[in-house]
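Since the structure comes first, as structure tokens, the remarks are kept for the end.
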Amino acid sequence: MHHLAARGWVCVAADYRLSPRATFPDHLIDLKRTVAWIREHGALYGADPDFLIVTGGSAGAHLAALVALTPNAPEYQPGFEGVDTAVDGCVAFYGVYDFTDRHGLWPDNGLRRLLERRVLKVPFASAPEVYEKASPLSRLRPDAPPFLVLHGTHDTLVPIEEARHFCDAFRRVVRAPLVYAELPGAQHAFEIFPSVRTTFVIPGVERFLAWVYAGYLRQRRAEPGASRAVGSRGAGV
């Protein structure tokens, strides 16, 4: 965030409700409210509120992906259904993309127990549709925005195969580009401490955002009557 802010990006750190007190989709609703807040107030901070990128790591990547894949879904916008919550891109670090574990990738039942007891608070066996709706893998849509997905090959919390399956499905369904960076030897939360990996990953994220923003500007200039006006550098959540 500091790297991006130093280069002209307006960055917003969203404070959303946490489990076990919160039950999904409380977390997602809060992030949609953040998008609505940026739409209304972003210009006061020098941002273009019409251009938004969402990003996060681990559970944050799961939620960022859902924000990007559920634009303007009324069930996640109670009381502000009319606000445009579509975003222009997503950067996901070592995320969980399939709460159903349909490919049998999870090494044990720890994550399933966590979801059943603290996050969704309903057994998977009795409500698989709830887990399906909460899975970014199940919410892919042709008009989804570009994604940058980063995952370490030695992630012992969320297996690398989860990211691979998500990216394969994304490329089959979504028209927008996807960039997938598989980091050899990297563990979960690899970028928390400075390393050679973070030295390269952080500028890589910046270049991805700059590329998405350049595409946004080209589109706006090509469509002079578009409702989304071209303004200053966009915001990131």
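The values are calculated or read from the model by the stated rules, or taken from the named source; none is laboratory data. A quick note: this is a predicted structure, and the numbers were derived from the prediction, not measured. No Cβ is skipped: glycine too gets one built from the backbone with ideal geometry, and neighbour counts run over all protein chains shown. Accessible surface areas use protein heavy atoms only, side chains included; no ligands, DNA or RNA. Shrake-Rupley method; radii C 1.70, N 1.55, O 1.52, S 1.80 Å.
Just give me the residues in the range 188-204 being over 18 Å from HIS62 (Cβ atoms) and either outside any loop (DSSP other than H, G, I, E, B) or touching a His at 6+ places or on another chain (Cβ under 9 Å) (or both), in sequence order.
Within the range 188-204, the first condition is being over 18 Å from HIS62 (Cβ atoms), and the residues that meet it are 193-204.
Those that are over 18 Å from HIS62 (Cβ atoms) and either outside any loop (DSSP other than H, G, I, E, B) or touching a His at 6+ places or on another chain (Cβ under 9 Å) (or both): VAL196, ARG197, THR198, THR199, PHE200, VAL201, ILE202, PRO203, GLY204.
Here's a check for you: in the range 1-44, which residue that is out of contact with any Asp or Glu (no Cβ under 7 Å at 6 or more places or on another chain) and basic (Lys, Arg) is farthest from TYR213 (Cα to Cα)?
Across the range 1-44, the extreme among qualifying residues is ARG21.
Just checking, which of ASP155, ASP101 is farther than 16 Å from ALA61 by Cβ, among the acidic types (Asp, Glu) and open to solvent by 10 Å² or more (accessible area, probe 1.4 Å)?
From the options ASP155, ASP101, the qualifying one is ASP101.
Give me a count of the residues in the range 5-23 that are within 13 Å of LYS121 (Cβ to Cβ), in contact with a Lys or Arg (Cβ under 8 Å, 6 or more places away or on another chain) and not hydroxyl-bearing (Ser, Thr, Tyr).
Qualifying residue count, the range 5-23: 1.
Quick one: is ASP84 open to solvent by less than 10 Å² (accessible area, probe 1.4 Å) and of a type outside the set (Val, Ile, Thr)? Quick ask: steps written out before the conclusion?
On the way: open to solvent by less than 10 Å² (accessible area, probe 1.4 Å): no; of a type outside the set (Val, Ile, Thr): yes.
So ASP84 does not fit the description; no.
Note down all Cβ pairs under 7 Å where the first residue falls in the range 81-108 and is more than 16 Å from ASP155 (Cα to Cα) and touching a residue at least 60 places away in the same chain (Cβ under 8 Å), the second is polar (S, T, N, Q) and open to solvent by 20 Å² or more (accessible area, probe 1.4 Å), and they're at least six residues apart or on different chains.
VAL91/THR55
Could you identify the single residue in ARG164, ARG139 that is under 18 Å from the mean Cα position of the chain (by Cα), surrounded by fewer than 19 Cβ atoms within 10 Å (Cβ to Cβ) and either over 19 Å from HIS188 (Cβ atoms) or touching a residue at least 24 places away in the same chain (Cβ under 8 Å) (or both)?
Details: ARG164 fails: either over 19 Å from HIS188 (Cβ atoms) or touching a residue at least 24 places away in the same chain (Cβ under 8 Å) (or both).
Result: ARG139 is the single residue among ARG164, ARG139 that is under 18 Å from the mean Cα position of the chain (by Cα), surrounded by fewer than 19 Cβ atoms within 10 Å (Cβ to Cβ) and either over 19 Å from HIS188 (Cβ atoms) or touching a residue at least 24 places away in the same chain (Cβ under 8 Å) (or both).
Would it be correct to say that ALA61 is open to solvent by less than 10 Å² (accessible area, probe 1.4 Å) and either among the aromatic types (Phe, Trp, Tyr) or at pLDDT 95 or above (or both)?
Considered against the rule, which asks whether it is open to solvent by less than 10 Å² (accessible area, probe 1.4 Å) and either among the aromatic types (Phe, Trp, Tyr) or at pLDDT 95 or above (or both), ALA61 comes out as yes.
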